[in-house]
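Encoded as structure tokens, the structure appears first; notes follow it.
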Amino acid sequence: MRDKGDAKIYDTIKLRKTRPFVIRDQSYFIPKKSVFNRIIGDSHFELQFVGFLEDCGDVVSYVKNYLAVHF
């Protein structure tokens, strides 16, 4: 590893302000710890991982980085 200088954050994204977006019909999970009302699974493993995050006591919240978030 080499130090290449400092990193700065110039802007932030408020996920709760993400506009609704349309997705194709596929498997989903209804979360309790996410700002989104559904987490869409691109694979079965992804849905299993969401279930794991929901059951973790030390996870307060999480989000899937959809293209519609523009992050």
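The values are calculated or read from the model by the stated rules, or taken from the named source; none is laboratory data. None of these values were measured; they are calculated from a predicted model. Methodologically, a virtual Cβ is constructed for each residue, glycine included, from the backbone with ideal geometry; neighbour enumeration extends over all protein chains shown.
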Pairs with Cβ under 7 Å, 6+ apart, first in the stretch 32-49 and assigned to a strand (DSSP E or B), second at pLDDT 90 or above and surrounded by 15 or more Cβ atoms within 10 Å (Cβ to Cβ) | Ile39/Tyr28; Ile39/Phe29; Ile39/Pro31; Ile39/Val50; Ile40/Tyr28
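Of all residues being in contact with a strand residue (DSSP E or B) (Cβ under 9 Å, 6 or more places away or on another chain) and under 19 Å from Leu15 (Cβ atoms) in the stretch 31-52, which is surrounded by the most Cβ atoms within 10 Å (Cβ to Cβ)? Just the residue, please.
Residues of the stretch 31-52 that are in contact with a strand residue (DSSP E or B) (Cβ under 9 Å, 6 or more places away or on another chain), as a first pass: 31, 38-41, 46-47, 50-51.
When the remaining residues are screened for being under 19 Å from Leu15 (Cβ atoms), the result is 31, 38-41, 46, 50.
On the way: Pro31: 19, Arg38: 12, Ile39: 23, Ile40: 17, Gly41: 18, Glu46: 15, Val50: 21.
Only one residue fits best here, namely Ile39.
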Go through the stretch 6-22 and give me each residue that's assigned to a loop (DSSP other than H, G, I, E, B), touching a residue at least 40 places away in the same chain (Cβ under 8 Å) and either among the aliphatic types (A, V, I, L, M) or more than 12 Å from Ala68 (Cβ to Cβ) (or both).
-> Ile13
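Tally the residues that are among the aromatic types (Phe, Trp, Tyr) and modelled with pLDDT of 80 or more, restricting the search to the stretch 1-37. Break it down stepwise before answering.
Residues of the stretch 1-37 that are among the aromatic types (Phe, Trp, Tyr), as a first pass: 10, 21, 28-29, 36.
Subsequent filtering for residues that are modelled with pLDDT of 80 or more retains 28-29, 36.
Residues flagged as among the aromatic types (Phe, Trp, Tyr) and modelled with pLDDT of 80 or more within the stretch 1-37 amount to 3.
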